[in-house]
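Bear in mind that the values in this text are calculations on the coordinates, not laboratory data. Just so we're clear, the structure is a prediction, and the values are computed from it rather than from any experiment. Using ideal geometry, Cβ is built from the backbone for each residue, glycine included, and neighbour counts are taken over all protein chains shown.
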Amino acid sequence: MQTTIAPGHWLADDAAASYRRMRAAGCPAGITSAGRTYAEQAELRRKYLRGEGAFALPPGSSRHETGHALDLPRDASAWMERHGGAHGWRRTNPKEWWHWEHFATHDTHRHDPVNRKAPHMVIIRAGSRVRAVCGDRIVGLDVADVARFEAAGVPVVDVTPSTFEQFRNGLTPEGVTP
Ligand SMILES: [Zn+2]
């Protein structure tokens, strides 16, 4: 089974639970690439072979396809160098500082609870209109309930009406990282 860990990104359930624990433990937000379909891996391989993209394994052989690999930005990778090992994450290619793979048997936190409060949930608000964004799902919300969520630690972001419309259309505008 797959779990959405951020808008447009998924991992296998065990790796996703680990990622959520790491985020709760201080891993900086931001994902370059996570789970991929066979077709997505094939496209990256074609780009690599054409000289247009970074190295990519042939489709059918990447752990991105099982949802057990993450490509992370610099700051998150630096955090992983110090803390990822205890969570079962290994850098499997020394030339790719961004690429991490999860090995559940090495995850010393695998029995730890995962924070039930979705770490990626954020409420967007434009005047009296509100929506909850959770992963890549956008759900309606009664404005009267916002205070209750805010008290529970869910961030509330005031946005312009046009940004609000972008969210309504299922897009995550740049510069807003739920
Ligand atoms: Zn990768």
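Of note:
- Per residue, the average separation of C-alpha pairs within less than 8 Å and at least 6 apart gives the chain a relative contact order of 20 percent.
- Net lengthening on full extension, HIS111/ARG74 (0.36 nm per residue, minus Cα-Cα): 10.5 nm
- If the chain linking GLU81 and GLU43 were pulled fully straight, counting 0.36 nm for each residue of separation and taking away their Cα-Cα distance, it would gain 10.8 nm.
- Here the Karplus relation 6.51 cos²θ - 1.76 cosθ + 1.60, evaluated at θ = phi - 60°, turns the backbone of the range 60-70 into coupling constants of x, 10, 9, 6, 4, 6, 8, x, 10, 10, 9 Hz, with x for every Gly and Pro.
- ³J(HN,Hα), Karplus 6.51/-1.76/1.60, whole Hz, each residue of the range 159-169, x for Gly, Pro: 10, 6, x, 5, 5, 4, 5, 4, 4, 4, 8
- Helix-only mean residue ellipticity at 222 nm for the chain, each DSSP H run of n ≥ 4 adding -39500 (n - 2.57), per residue, nearest 500: -8000 deg cm²/dmol
- Among VAL130, GLY35, GLY153 - extreme Cα towards positive end, dipole of the chain, charges at beta-carbon: GLY35
- Chain lengthening between VAL156 and ALA29 when straightened (0.36 nm per residue, less Cα-Cα): 44.0 nm
- Cα-based helix-to-principal-axis angle, 38-49 vs the chain, degrees rounded to 10: 60
- Debye log10 I(q)/I(0) for the range 122-168, one point scatterer per Cα, at q = 0.30 Å⁻¹: -1.23
- Alpha-carbon spread of the chain, three principal axes, descending order, Å: 50, 39, 28
- Taking Cα atoms only, the orientation of helix 74-83 departs from the longest principal axis of the chain by about 70 degrees.
- The distance between label points at GLU96 and ASP13 comes to 2.6 nm (points 7 Å beyond Cα on the Cα→Cβ vector).
- Mean shadow area of the range 2-107 over all directions, Cα convex hull, nm²: 6.3
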